[in-house]
Amino acid sequence: MEKSPDAFRTISEVAEDLDLPQHVLRFWETRFTQIKPMKRGGGRRYYRPQDVELIKGIRHMLYDQGYTIKGVQKLLRENGNQFLVAIGNGDLAAVEAIAQRKHADVVELTPAAQPRPLDEEQMVGQPKAKPSRRFFGLGKSDEEGPVQPDGGRLSRDNRALLQEALFDLLECKRLLDQVR
């Protein structure tokens, strides 16, 4: 017996329909807060049709287009869920309409209408140390140059940049492993 298109799906049904392992779906729930299956007693997940459509878009961007998780998170943040749903469904007209609407929403601000910068104390979730654009001393004076092999330690900014680069490399390795 076939389910209605509006029916909720179990994790096994979604995994089978989208050719994904169940553990990947659980992992994506931790990385994409937009995926919110309903959980019943015992923790059993039930995915709404809109959840399945969003997962289909995320899968397409990660597996078919080669995006990283951070890249898809940025797309969701900048364009919203409907953008990825439209991409997952192959609805190019909807993708174009969303892009045009976003472009129309961008309005030039006069200097008086510019948003005021927030104090560091008001910012939630932002690091206290602002990472600099200079990596390993590029653009610094000689006395602030790169760390010598026997010299001190890396600065907090450089360590954060290295950790981010490591995360990106691990994500690239994951994508390459999928191709093999």
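Here are some notes:
- Test set (1) at pLDDT below 60; (2) within 30 Å of residue 27 (Cβ to Cβ) - residue 67 fails condition number: (1)
- Restricting attention to the stretch 57-81, the residues that are surrounded by 18 or more Cβ atoms within 10 Å (Cβ to Cβ), under 27 Å from residue 4 (Cα atoms) and not aliphatic (A, V, I, L, M) add up to 3.
- Figure legend. Inter-residue proximity from the stretch 151-173: first residues farther than 11 Å from residue 68 by Cβ, second residues small (Gly, Ala, Ser) and modelled with pLDDT under 70, beta-carbon distance below 7 Å, spacing 6+ or different chains. Indicated pairs: 156/129; 157/129; 157/132.
- Single residue of the stretch 147-179 satisfying the filter (open to solvent by less than 90 Å² (accessible area, probe 1.4 Å), in a helix (DSSP H, G or I) and among the aliphatic types (A, V, I, L, M)) that is modelled with the lowest pLDDT: 160
- Taken residue by residue, the stretch 8-23 has no member that is of a type in the set (Val, Ile, Thr), loosely packed, with under 13 Cβ neighbours inside 10 Å and outside any helix (DSSP H, G or I).
- Within the stretch 28-56, the set of residues being in contact (Cβ under 8 Å) with a residue 40 or more places away in the chain, open to solvent by less than 50 Å² (accessible area, probe 1.4 Å) and either not in a helix (DSSP H, G or I) or not β-branched (Val, Ile, Thr) (or both) comprises 32, 49.
- Checking each residue in the stretch 47-61 for being in contact with a helix residue (DSSP H, G or I) (Cβ under 6 Å, 6 or more places away or on another chain) and not β-branched (Val, Ile, Thr) picks out 47, 53, 54, 56, 57, 59, 60, 61.
The values are calculated or read from the model by the stated rules, or taken from the named source; none is laboratory data. This structure is a prediction, so every number in the text was calculated from the model and none was measured. So basically every Cβ, Gly included, is an ideal-geometry build from the backbone, and we count neighbours across all protein chains shown. SASA here: full protein model, heavy atoms, side chains in, ligands and nucleic acids out. Shrake-Rupley method; radii C 1.70, N 1.55, O 1.52, S 1.80 Å.
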